[in-house]
1. Of all beta bridges DSSP finds with both residues in the chain, what is the antiparallel percent, to the nearest 5?
2. Tell me, what HN-Hα J-couplings in whole Hz come from the Karplus equation 6.51 cos²θ - 1.76 cosθ + 1.60 at θ = phi - 60° for each residue of region 205-217, using x for Gly and Pro?
3. Using a simple spin-label model with points 7 Å from Cα along the Cα→Cβ vector, what separation in nm is obtained for Met271 and Phe387?
4. How charged is the neighbourhood of Lys297? Take every other residue with its Cβ under 11 Å from the Cβ of Lys297, and add Lys/Arg as +1 and Asp/Glu as -1.
5. Using amide H atoms built in the peptide plane, which far-off residues or other-chain residues are under 5 Å from Met793 H to H?
6. Please compute the per residue accessible area over region 714-817 with all protein chains in place, 1.4 Å probe, rounded to a whole number of Å².
7. Determine the per residue accessible area of region 537-593 with all protein chains present and a 1.4 angstrom probe, expressed in square angstrom.
8. Just the number please: accessible area per residue for region 406-528, 1.4 Å probe, all protein chains included, in Å².
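The values are calculated or read from the model by the stated rules, or taken from the named source; none is laboratory data. Owing to the predicted nature of the structure, the values given are computational and were not obtained by experimental measurement. Note that we place each Cβ from the backbone using ideal geometry, even for glycine, and neighbour counts take in every protein chain shown. Accessible surface areas use protein heavy atoms only, side chains included; no ligands, DNA or RNA. Shrake-Rupley method; radii C 1.70, N 1.55, O 1.52, S 1.80 Å.
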Amino acid sequence: MLSTFKATLKFWNINFLPNTTLQRATIQNTSRSAIDSQTTFVLSSQCFQSFTKLLSQCVVSKSLTSGMELHAHLIKFGISHDPSLRNHLVTLYSKCRCFGYARKLIDESTEPDLVSWSALISGYAQNGLGEEALLAFNEMSLLGAKCNEFTFPSVLKACSIKKDLNMGKKVHGMTVVSGFESDGFVANTLVVMYAKCGQLGDSRKLFGTIVDRNVVSWNALFSCYGQSDFYVEVVDLFKEMVQSGVRPNEFSLSIILNACAGLRDGNVGRMVHGLLLKLGHDFDQFSANALVDMYSKAGVIEDAVAVFHEIMHPDIVSWNAVIAGCVLHECNDWALILLDEMKSSGTCPNMFTVSSALKACAAMGFKELGRQLHSSLIKMDTESDSFVAVGLIDMYSKCEMMDDARRAYDLMPKKDIITWNALISGYSQCRDDLEAVSLFSEMYNKNIDFNQTTLSTVLKSVASLQAINVCKQIHTVSIKSGICSDFYVINSLLDTYGKCRHIDEASKIFEERTCEDLVAFTSMITAYSQYGDGEEALKLYLQMQDADVKPDPFVCSSLLNVCANLSAYEQGKQLHVHAVKFGFMSDIFASNSLVNMYAKCGSIEDADCAFSEIPKRGIVSWSAMIGGLAQHGHGKKALQLFNQMLKDGVPPNHITLVSVLCACNHAGLVNEGKRYFETMEEVFGIKPTQEHYACMIDLLGRSGKLNEAVDLVNSIPFEADSSIWGALLGAARIHKSIELGQKAAEMLFALEPEKSGTHILLANIYASAGMWENVAKVRKFMKDSQVKKEPGMSWIEVKDKVFTFIVGDRSHSRSDEIYAKLDQLSDLLCKAGYSPIVEIDIHNVNQSEKEKLLYHHSEKLAVAFGLIATPPGAPIRVKKNIRVCVDCHTFFKFVCKIVSREIIVRDINRFHHFKDGSCSCGDYW
C-alpha cells in the first residue's frame, strides 16, 4: 500500500495536475489500521513534503481545482491544520479570489500567524480590493500580529488603491517604528503610495532617502510620474538613473517609451530604441508594442510600421497600435491595408481596431467598407458601446450618410453627451444646419447636459444660418450654464455674431475676454474685413502684435484682402514682409491674397512678382493675376496669361472666364471677347452665367454695338438680373441713347427700386441731351421716394493711415492746404488748356456753380492731399467707390504731366494709371 501511494505522488509530480481517479482509488485502498507506528511516521513525513510541494505549484499556477482537491486530502489525512500547509492554502485561495475559503481557514485557526494574514491582505490588494485589505489589516493589528517587510507593501498598495493618504501616513509611521522603512521593497511601495495619493513632492523626497536604489526603485518613481502625465520629468529621471550606473530593464524602457509617446518625441524615443537593442530587449513583445506606439504617436509612422513588421507574432495590441498610429497621422490607406493583413494573419480585430478603421473610412469616404465594418461590430455585439457608436456616427456623417448616422444614433440604448455632440457635429458638417440646431433644442428641452463642444458646434450652424436670435439665446444659455468664459465658446460666439453682421456684440465679447489668443483675433479681423470696416481690422492687427500673438496664414490672408479693399498699398507691403518673416509664402491662400492685394492696390508689377513666386499655382492664383491684368487695362497680357494657363494644364472655372471677358472689355477686344463667349461651353464645359452675359453686353455696348447688345439681352435663356440691365444702361449713357437708357432704367427700377445709381445714370443721359425737365423729374422722384444718392467717396493712404474724402470735404485737419493746392493747380491747368466739362453735372445751376461743384469732387481732394503729404515724385494712389467722372479723368491727365507724378485711381470699374498726360485706359472706361 505504501509503495502504491508513493507511486501516486510520483505521478502527481510528473504531471503536476493529479489524476483524480487514480488518487481516489489509492486513498480508498489505504487503511490506517493496517500500518504500524513506524510506517505511519514515514508516511506522514513523505506525505507532508509532497503536499507542500504540490500546493506550492498550485499557488504559482493559480490551479484552484487541483488545490481544492489537495485540500480535501489534507482534511482526510488530518493534517489541514498544519500552519505551513494552511498558509499555502490561504495564499492559493487569496490569489484565486476565493476570499471566503481563505478567510474561513484563518478564522478556524486558533492562532493565525502573520503569513496567513499577509497572504490574505496581499490577495485583496492584488485584486484591487483596497478597502477589504485595509479592514483585514486593522483586524490583524487588533489581534496583536505585527507587520513585516512582506505585509507592509500589500497594506501600502491598498492605501494607493483607496487613495487613502491618512492611512498611508499611519502605515508609513509604523514602518519607521518597526525599522522596515529602509527595506527596499517597503521603500519602493511608499514612493508609489505617496505619488498615487497626489503627493509627488513627498514621493520624490522619500525616493531621495533610499540609500541603495535599484532598478525597481527607479521604475516605481518613473511609473508614478508617467501616470500623472509628467513625461518630461520621466525622461529627466531616466537620464539620471542611467548616469548613476543603474542598468534599466524592459519595464524601465517601456515606461520611458510611453513618456516619449506622450511627448510626441521621436528623437529621445529613437535613443531608447537603440538602448533596447543594446540590452537585448528588442524582441520582447511588451517593449516592441511600446516602440510601435511611441513611433506612431511621435509621427514617425514609417518607423512604427518597420518595427511592427519585425515582431515575429504580433498580438492584438501590436496591430491596434500601428493601425491607430496610421489613422492618427492620416495614413488612412496604409491603415486599411494593415487591417486586411491583420485579418489574413488570423488575428481577429476587436472594437478598438474597428474604431480606428472607421476613422480611416470616414477620412477617405469609403462608404461600403464602413458598412462592412458596421456589420463586423454587430457580430461582435459591441454596437451599443458608446465609443463605437460615436465612431459609427462620425463615419456615416463624414461620408454624408446622415440617415444611417441617425439610425446608428437611434439604436443606442443609452445616449451620453458625446453621442449627442457627434450627431449635432455630423449635421453641421453636412450643412444640414437647421437639423443641427433643432437637435440641440431637443437636447436642451430634455434637460440633457451639454458642454462647450455642444455649444461651439451648434453655433457653427447658427453662423451658417445667420440666425441672430438663436445666437443670442445660446449666448444666454452659455451664461446661465457658467461656460460662457470657455475659450471655445467665446471664439464661437465671436465668429457667429460676426457672420450675423452684429459686429458691436462681437466687439463687446472680444473686449471682455480674459486671454489673448489667435482664434479670437482671427474672428474679429475676419468680421471687420468681411463687412467693410477694414481700418478696424488693421488696428486689431497692431493690437495683436502688441499682445505678442503670432499670426497664421489665414489672418495674413484676411488682412491682405483688407488692404486690397482699402487700396492700402504701404500696409499691404508691410504684411508681405510679415508673411515672409513667419514663413507663410508657401501657403497658397496667403500667396493668392498677396497677388490680389497688389493688383487691387494699383501695382500690377508687384502682383506679377508675387504670382511668379507661387510654387504651385492653382486656378485661384491664375484667376487673380488674369483679373488683375484685366482691371489694369492690360487686356492682351491677360489673354496671353490665360493661354499660358491652358498650356500648363490648368482648366479655367467660371471666374477665370469672367476675368477673360473683362480683359477683352477693358481693352476693347470685341472679336476676341465674342470668340471666348461663344465657345466657352463647347471648349471648357462652362455655361454662361449672368456675370458672363453682363461682361459681354458691356463689351458690345461700350464699342457702340447697341443693337447686338440688345439682341444678346433678348436671347438670354434665363431672366436677366440687375448686372445685365446695368451694363445696358451704362452703354446707353456712353452713346447717349435716351430710348435704350429709359428701357434699361425701367427694368432696374423694378429690380432695385432703392438703388440711386440707376436714377443718376438716367439723369446723366437726360443732362447730356439738355433735357433738364426730365432731369428735374428724376431728382423729384428720388426725393419723393426717399432714394438717397450714394455719395462719392475717395480714399488715399499716407504713412500707414487711410484718409477718406467726400465732395466738398473740409473735415480734414489740413483742408486749407488742400484747397490752396487745388487753387494752385487750377491756375496751372488753365494755362495748360484744361477746361471743366460741365455737361456731365446734372444740377440745373449756372456755369460757375457747376465748375465749383466739379472742382471739389472727392478724388480731386484726395489727389491734392497726396501732393502735399507724400514725397515729391512718389506715385499717388486713390480709390473711389463709384465710376470716375469724365471731368476728373481729364483733370488728372493734365495734373500728372504738370507735377511729373504717376496718379493711380481705382474706381468701381477698373484702374486708371495717369502718366505723362495720358491714361492707361485710353479714355475707354
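1. Taking every DSSP beta bridge within the chain, about 80 percent pair in antiparallel fashion.
2. 5, 5, 4, x, 8, 6, 6, 9, 7, 10, 4, 5, 4
3. The answer from the label model is 3.3 nm.
4. With Lys, Arg at +1 and Asp, Glu at -1, the neighbours total -1.
5. The list, which skips near neighbours in sequence, is Asn881, Ile882.
6. On a per-residue basis, region 714-817 sits at 57 Å².
7. I get 45 Å² per residue for region 537-593.
8. 49
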